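J.: Here it is: the structure, laid out below.
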Number of protein chains: 2
Amino acid sequence: MFRLFRDLSLPYNVVQVRKMCVSAAGRPLVLQIWGSNTGVGKTVLSAGLLLSTKDPTLYLKPVQTGYPTSDDSAQINRYAPKVHTLTLHAYEHAVSPDLASSLERSQTVTDVALCSQTEQTISHFYASTEHKHTSRSLALIETAGGVLSPGPSGSLQADIYRPLRLPALLLGDANLGGISATLSAYEAMCLRGYSVPGIVMFAEGTGLLENESSIQKCVKPETVVFRAPELPPPDISLDDYFRDTQVKHFFKKLHDHLRYTEGERFNALSQMKEESQRIFWYPFTQHSQLGDITCIDSAHGEQFIIHKDGHKLQPMTDVIGSWWTNGVGHGDSETAKAIGSAAGRYGHVMFAEATFEPAFELAKRVLDGPGAGWASRAFYSDDGSTAVEVALKMAFRKRAMDSPARRHLPVRIVGLAGSYHGDTLGVMNCAADSDYNRLQTPWYQPLGFFFEPPCAAIRDGIWTVEMPDWLGAEHEIVLDGRDELFSMERSHKEYEDRISRSLDEILGKDEVDIGALVMEPVFLGGGGMKIVDPAFQRALVDACRKRGIPVIFDEIFTGLWRLGVESGSQLLGREPDIAAYGKLLTGGTVPLAITISTHNVFQAFAGCSKKEALLHGHSYTAHAIGCAAGVESLKRYDALKQAQGIDPNIQYWNEDTAREISTYNSVKSVTTIGTVLSVELGGKGGSGYAATGAYDVAQELKDEGIFARPLGNVIYMMCTPISHKAHCDMLLARLTKALQREGVKNVNTSDRS
Amino acid sequence: MFRLFRDLSLPYNVVQVRKMCVSAAGRPLVLQIWGSNTGVGKTVLSAGLLLSTKDPTLYLKPVQTGYPTSDDSAQINRYAPKVHTLTLHAYEHAVSPDLASSLERSQTVTDVALCSQTEQTISHFYASTEHKHTSRSLALIETAGGVLSPGPSGSLQADIYRPLRLPALLLGDANLGGISATLSAYEAMCLRGYSVPGIVMFAEGTGLLENESSIQKCVKPETVVFRAPELPPPDISLDDYFRDTQVKHFFKKLHDHLRYTEGERFNALSQMKEESQRIFWYPFTQHSQLGDITCIDSAHGEQFIIHKDGHKLQPMTDVIGSWWTNGVGHGDSETAKAIGSAAGRYGHVMFAEATFEPAFELAKRVLDGPGAGWASRAFYSDDGSTAVEVALKMAFRKRAMDSPARRHLPVRIVGLAGSYHGDTLGVMNCAADSDYNRLQTPWYQPLGFFFEPPCAAIRDGIWTVEMPDWLGAEHEIVLDGRDELFSMERSHKEYEDRISRSLDEILGKDEVDIGALVMEPVFLGGGGMKIVDPAFQRALVDACRKRGIPVIFDEIFTGLWRLGVESGSQLLGREPDIAAYGKLLTGGTVPLAITISTHNVFQAFAGCSKKEALLHGHSYTAHAIGCAAGVESLKRYDALKQAQGIDPNIQYWNEDTAREISTYNSVKSVTTIGTVLSVELGGKGGSGYAATGAYDVAQELKDEGIFARPLGNVIYMMCTPISHKAHCDMLLARLTKALQREGVKNVNTSDRS
């Protein structure tokens, strides 16, 4: 293996896309050249394009095989000596790079390294042209082989370069069979979320085939198919070809088109951003205060690629998991394939009284996963809100069947203050009065008894449980650490006594019945990213069980490894009668939810008439596409079961740093559990949902390339269950920096006031 | 062009897949052979497999190009003379079939014809072996060129044969670049919903490449990659190759594997069917009455392919549109591509205060389509139920802002008896008391005033409007026909008077306020597939408007061409303040809904605090995958605007036949509008939701290969907006037959009773 960093020395240590500038009119145009097959003439295409401008040009060949017999950079320079060429990695064997790498026993070039080397080379080139006002500068990155040929690591090229998502120019195959080869390569690119502004077909010898017109009919309208002048036979030099006026004219035209398309793409983004503010009605948004909106061009892993003013794209790390949904990474190609296959095989098909593979597989995985040991039936619905409404209907019926004497009483639920179960009117009524629901509809009425829960957090470096007044005089419990907090043995007599007393009081009056306990196990998501003392929830579950009240765990937020465990119930040591799953269920792709229950709950709906059945259903119930995404995601999460063997609750965020943060001036408390880290800020702005306290920190983070969204006075970061610790460390470092700055500002402010 | 129906005469007139038997152990094995490229050796692979059995074999080449120089059937017979070979269409030019067809000016072979000819040839072969107890019978259908090579019509082969969805054996490419060619061909097959039990790679000369191991790593675990013995050079006869023991052994092993896999596939289907009854909790289903469930192996267009006992697959026409969702046909490849691209480009990304292309494009299309002229803002949610809950929140706020004096009063809605808006508790309260909601939850309370509407239908051949008692003494209005029913000029004084009187009475008492009129324009879907007299709804809208009550059109069912128009409001001549769209919005793929409103409604949420904003949102709000499916579907429906120029309300179902049916003994009335035909049966079984009246007819239809699901005493058929009239005619003929039989039975029953 040869390493050919011919004239560029780069520090290859970046894990993520950091800067990325894609150009348009007046700026360098950056394109990646892909082949529908090997040997279709990618290098000739590159040379032709590079010759079409007199402005600075870069030709980058990240991976070269068959070197030095084959040397595409050298070939480019033969025809276009002025082009700045660069080959990053070269292998002697003329086989696929992964095979060559293993034959030559060279150290594997990782995907991340290859991608970041490519990105840095482009940035370097871009910087070098920045002040030169060149209007037709061009950088081409030529791939090796076909679109799905493996790179040095064995990953497929189209996957390796996906984080950069450079505009793709695909070289088609003009031979017999070339329509199929070209279209299938094209579809593979599209399935990975690339944009392909052009496909080039070299005219073939007989002139009979018209592959380009067949192809044009089958691609998106924004993809233009070009017919390039026929190549001379392989044994004849290309010098004459490139000198030919017709050839020159073709490449100029092609260059013009690609540059124009790139410009139009940015114009469309600008226009979209402007028009969006006029046509969208955003959720949870006061439009009269709407500032600049975020224009997302694409996403990958935990990054958005957003459009900034002009012709710039910029990566931002999505630390809110796109409203707590991101499970397997944005734009994941395995998930896209699973989704595409389900769409092609079924679309959506009838579920009631039917069965099909993805719905069956997913239900089994949920029952055998978080439902293992207690759940026997799976009911599908569309989202978390509907899944909890279904859970309520299940619980109320169960209660009514078990306590016929209380059936005439109005039904209420028991819940926690600060809990959140969704925005449909039925589940809003299961949440305590708050800014979320008050004012929203005249129909809202809190139909429950809501206990103010004791919450645990790191305060000034120490894990403590803060006790609400109703639980007695003790103000807080100081813990040894996380292990004590989650110890199954820990209990608190005050919890049991007060809960029992309250429940008996409610039930004793015989004015209402309690149809269900509804709660998010261990963690309140929407309610402020807080850990509820597990000992308290254990006591609550036990007290309800004793009184025959069905127990619902709303695991939409907490379930499926959010808390570093498959189910929050593992941290409680208690199982529910009914549990609801959503969000992470489809890995961050489409809405789908599932409510699982015990056999006894299911049996409460048995009867001799349909009227007694659970008459709830959604048109797209158990849709195959969502279920297929679910199966793919749950397979991916399964790998975590092994990691959990080492640490019963997988920690993604460094707890030492969290303790450190909790001592900052501006910080009230810090919470870390599984994939979530949250920081409660003190001081300015109040502490309700509408608080603007964390706004400044979020703004600081934005400047650092981190997309955060405060929740009242809480700023939080969330990774996916399959994120690496190194990623979290990097984010935590930036958060620390932002908080430190914020702390200083706070002091200054109070000095002045 | 040659037509080579060598030894089979077939009536090529079938529009749909009618029978399809895919075999397993002990039965003929049917496979389709696909190439990742042209010239990779598909015919050698076919010959090798066909030689691996002594039982009856069929080789079918539906399309041959370069004939007679190339004649794959003849080549097969050269090595395997006993194989029954058949070529359906042969072209002289060695170019793609569509090009050859046009060069040879031959009549185009349509996709439907090619597919049904193939299907019939297989059925014929299958029938011929049926009683022979052959255990290794084999039929191979060899495609031409690569997987995405065009067929005679220009459609891509993988799309043409998709309705048959035969198990695919893919011949890979073992050359340099072959990993990419093979994987992209494989992905194109998967995206179209094919199952690929095997990929075969002929070993290449140098022995250096190990494409098969790279490929195996990237395909689904159920796809096995085989390395076949190396082929002799092209100029050497294959006789020796096929005589070689190693080669023979390989093909025997391959044959065994494919046969085994096919058997396992059916075993898995049987097992799934059995286990599903134990783990699923079906929507709207009384499990204690659950009989045989439907096992859906795949779907295409308007057909399910279902698994019957043993090793049989059987098509059934889905006339319920999979709970009213099917818009562009099941398993549509264009939609699958759009969905796959969005999944690969975004997954789901943050929407609040952000924008991205599919969400933007879809919102624009809905505002410019059904919202044209009145709506200015689009709010996304997950399904019909949530979209109507959002609409309620919008309307209530608007009313509160407009009528501050009535703000303290409890809020009710005005609706129609028989209306249905979904199953979440909030919208259940917007439906009149019925079997759907009574018993379902102790929280249900009908928070509305529900008018019994006058409904129109064909009764005994004549369009009439049946008047409920509260509207006066007149029992029914006889109409000239459909045109009179939908005439914008028609009005009825009784309607206006009674509605006004009722509204004034409610409002006058000052006990409650009316926050919204909520109704499905023109048609009640869940409420029994009934046409509401448009003149009545016009009067209702006008009366509410006059009193400042916001008007919500629930168009989840009625919108987007269900009624032969883009919006039900076109049939009423009245626009709402708020309207909700779902179901057909994504063409029948994933849940997604959109609520659109006027500028004035939007403005009611403006304020200086977030608390005044519409605090409603779902995690997957505006998910890119659903929006992309939406854009693709709405593009497809756009073609209907032209058709609508000819007929203001596109009729899919023959009205003469509908009139005829309405005269049957067992039929009370018939309704046709747009894509829906419904038949209300009279007599036995009562008329509520739980009625079993239409059960027998549905059963009869099932025997005819039609998947219907009665709605109380109503049996209905629904096509997609892009269905052909011929398709509806065929279905109507079968329905007529079933009803005639049912009619006779009814008479007999009453004779006996």
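The values are calculated or read from the model by the stated rules, or taken from the named source; none is laboratory data. Only a predicted model underlies this, so the values are computations on that prediction, with no experimental measurement involved. So basically every Cβ, Gly included, is an ideal-geometry build from the backbone, and we count neighbours across all protein chains shown. Please note that ligands, DNA and RNA were not included when accessible areas were found on the heavy atoms of the full protein model with its side chains. Shrake-Rupley method; radii C 1.70, N 1.55, O 1.52, S 1.80 Å.
J.: Condition first: at pLDDT 85 or above, open to solvent by less than 50 Å² (accessible area, probe 1.4 Å) and farther than 12 Å from A:V30 by Cβ. Now tell me which residues in the range A:123-152 satisfy that.
T.: A:E142, A:T143, A:A144, A:G145, A:G146, A:V147, A:L148, A:S149, A:P150, A:G151, A:P152
J.: Are any residues in the range A:636-670 at pLDDT 90 or above, of a type outside the set (A, V, I, L, M) and over 22 Å from the mean Cα position of the chain (by Cα), and if so, which ones?
T.: Scanning the range A:636-670 gives A:E655, A:D656, A:T657, A:R659, A:E660, A:S662, A:T663, A:Y664, A:K668, A:S669.
J.: Quick check on A:T317: is it farther than 30 Å from B:Y194 by Cβ, open to solvent by less than 10 Å² (accessible area, probe 1.4 Å), in the same structural domain as A:V590 (by TED's automatic domain parsing) and in contact with a strand residue (DSSP E or B) (Cβ under 8 Å, 6 or more places away or on another chain)?
T.: No: the conditions fail for A:T317.
J.: Open to solvent by 10 Å² or more (accessible area, probe 1.4 Å) and either free of Cβ contacts under 8 Å to residues at least 12 places away in the same chain or touching a strand residue (DSSP E or B) at 6+ places or on another chain (Cβ under 8 Å) (or both), is that true of B:E361?
T.: no
J.: Do you know which residues across the range B:469-491 are among the acidic types (D, E) and outside any loop (DSSP other than H, G, I, E, B)?
T.: If the condition is that a residue be among the acidic types (D, E) and outside any loop (DSSP other than H, G, I, E, B), then B:D469, B:E476, B:D483, B:E484 are the ones that fit.
J.: Surrounded by fewer than 24 Cβ atoms within 10 Å (Cβ to Cβ), touching a strand residue (DSSP E or B) at 6+ places or on another chain (Cβ under 8 Å) and modelled with pLDDT of 95 or more: does that describe A:L507?
T.: yes
J.: Further question on the same structure: When residues of the range A:446-466 are filtered for being farther than 21 Å from A:S500 by Cα, open to solvent by 30 Å² or more (accessible area, probe 1.4 Å) and not in a loop (DSSP other than H, G, I, E, B), how many remain?
T.: 2
J.: Ok, one more. Among the candidates A:F251, A:F266, which residue alone is in a helix (DSSP H, G or I) and in contact with a Gly (Cβ under 6 Å, 6 or more places away or on another chain)?
T.: The conditions single out A:F251.
J.: Looking only at the range B:469-483, which residues are surrounded by 14 or more Cβ atoms within 10 Å (Cβ to Cβ) and either under 26 Å from B:V667 (Cβ atoms) or not assigned by TED's automatic domain parsing to the domain that holds B:L571 (or both)?
T.: Correct list: B:L471, B:I477, B:L479, B:R482.
J.: Further question on the same structure: Considering only residues of the range B:590-603 that are open to solvent by 10 Å² or more (accessible area, probe 1.4 Å) and touching a residue at least 60 places away in the same chain (Cβ under 8 Å), which is nearest to the other protein chains (Cβ to nearest Cβ)?
T.: Applying the filter and picking the extreme gives B:F602.
J.: Of the residues A:A622, A:A593, A:A579, only one is on the phi > 0 side of the Ramachandran plot and not assigned by TED's automatic domain parsing to the domain that holds A:H724; which?
T.: None of the others qualify; the one that does is A:A622.
J.: Moving on to the next point. How many residues does the range A:336-356 contain that are open to solvent by 10 Å² or more (accessible area, probe 1.4 Å), facing chain B (nearest Cβ under 7 Å) and touching a residue at least 24 places away in the same chain (Cβ under 8 Å)?
T.: 3
J.: For residues that are among the small types (G, A, S) and part of a helix (DSSP H, G or I), scanning just the range B:387-445, find the one that is farthest from the other protein chains (Cβ to nearest Cβ).
T.: Among residues in the range B:387-445 that are among the small types (G, A, S) and part of a helix (DSSP H, G or I), the one farthest from the other protein chains (Cβ to nearest Cβ) is B:A405.
J.: Residues to consider are A:G448, A:G461; find the one that is in contact (Cβ under 8 Å) with a residue 40 or more places away in the chain and either facing another protein chain (nearest Cβ under 9 Å) or over 34 Å from the mean Cα position of the chain (by Cα) (or both).
T.: After applying the criteria, what remains is A:G448.
J.: Within the range B:565-605, can you find the residues that are farther than 28 Å from A:T386 by Cα and more than 20 Å from the chain's Cα centre (by Cα)?
T.: If the condition is that a residue be farther than 28 Å from A:T386 by Cα and more than 20 Å from the chain's Cα centre (by Cα), then B:S569, B:Q570, B:L571, B:L572, B:G573, B:R574, B:E575, B:H599, B:N600, B:Q603 are the ones that fit.
J.: Further question on the same structure: List the pairs whose first member sits in the range A:528-557 and is on the phi > 0 side of the Ramachandran plot, whose second member is β-branched (V, I, T) and at pLDDT 95 or above, and whose Cβ atoms are under 8 Å apart, counting only residues at least 6 apart or on separate chains?
T.: Within 8 Å, the pairs are A:M529/A:T671; A:M529/A:V676.
J.: Moving on. Which residue is nearest to B:F602 (Cα to Cα), if the candidates are limited to the range A:255-282 and must be in contact (Cβ under 8 Å) with a residue 60 or more places away in the chain and open to solvent by less than 30 Å² (accessible area, probe 1.4 Å)?
T.: Among residues in the range A:255-282 that are in contact (Cβ under 8 Å) with a residue 60 or more places away in the chain and open to solvent by less than 30 Å² (accessible area, probe 1.4 Å), the one nearest to B:F602 (Cα to Cα) is A:F266.
J.: Next up: Could you say whether any residue in the range B:364-387 is open to solvent by 20 Å² or more (accessible area, probe 1.4 Å), in contact with a Gly (Cβ under 8 Å, 6 or more places away or on another chain) and in the same structural domain as B:H616 (by TED's automatic domain parsing)?
T.: Checking the range B:364-387: at least one residue is open to solvent by 20 Å² or more (accessible area, probe 1.4 Å), in contact with a Gly (Cβ under 8 Å, 6 or more places away or on another chain) and in the same structural domain as B:H616 (by TED's automatic domain parsing).
J.: Follow-up question, since we're still on this one. Looking at A:V670, is it closer than 30 Å to A:A738 by Cβ and either open to solvent by 10 Å² or more (accessible area, probe 1.4 Å) or not assigned by TED's automatic domain parsing to the domain that holds A:R538 (or both)?
T.: Considered against the rule, which asks whether it is closer than 30 Å to A:A738 by Cβ and either open to solvent by 10 Å² or more (accessible area, probe 1.4 Å) or not assigned by TED's automatic domain parsing to the domain that holds A:R538 (or both), A:V670 comes out as yes.
J.: Would you call A:E212 assigned to a loop (DSSP other than H, G, I, E, B), open to solvent by 10 Å² or more (accessible area, probe 1.4 Å) and acidic (D, E)?
T.: no
J.: Before we move on, is A:A629 closer than 21 Å to A:K337 by Cα, more than 7 Å from chain B (Cβ to nearest Cβ) and under 17 Å from the mean Cα position of the chain (by Cα)?
T.: yes
J.: Among helices (runs of 4 or more DSSP H) lying entirely in the range A:42-161, which contain 2 or more residues that are more than 14 Å from chain B (Cβ to nearest Cβ)?
T.: A:42-50, A:72-79, A:111-129
J.: Sort out which residues of the range A:177-205 are open to solvent by less than 10 Å² (accessible area, probe 1.4 Å), among the small types (G, A, S) and more than 7 Å from chain B (Cβ to nearest Cβ), and write them in order of number.
T.: A:G178, A:G198
J.: Just to verify a result, which residue in the range B:281-337, among those that are in a helix (DSSP H, G or I), within 20 Å of B:P163 (Cα to Cα) and of a type outside the set (S, T, Y), is nearest to the chain's Cα centre (by Cα)?
T.: The qualifying residue nearest to the chain's Cα centre (by Cα) is B:G321.
J.: Does B:L634 meet the test of being in the same structural domain as B:R397 (by TED's automatic domain parsing), under 30 Å from B:P534 (Cα atoms), in contact with a helix residue (DSSP H, G or I) (Cβ under 7 Å, 6 or more places away or on another chain) and open to solvent by less than 30 Å² (accessible area, probe 1.4 Å)?
T.: yes
J.: Oh, and also: Quick one: in the range A:637-660, of everything that is among the small types (G, A, S) and open to solvent by 10 Å² or more (accessible area, probe 1.4 Å), which residue is farthest from the other protein chains (Cβ to nearest Cβ)?
T.: So, considering only residues that are among the small types (G, A, S) and open to solvent by 10 Å² or more (accessible area, probe 1.4 Å), the one farthest from the other protein chains (Cβ to nearest Cβ) is A:G645.
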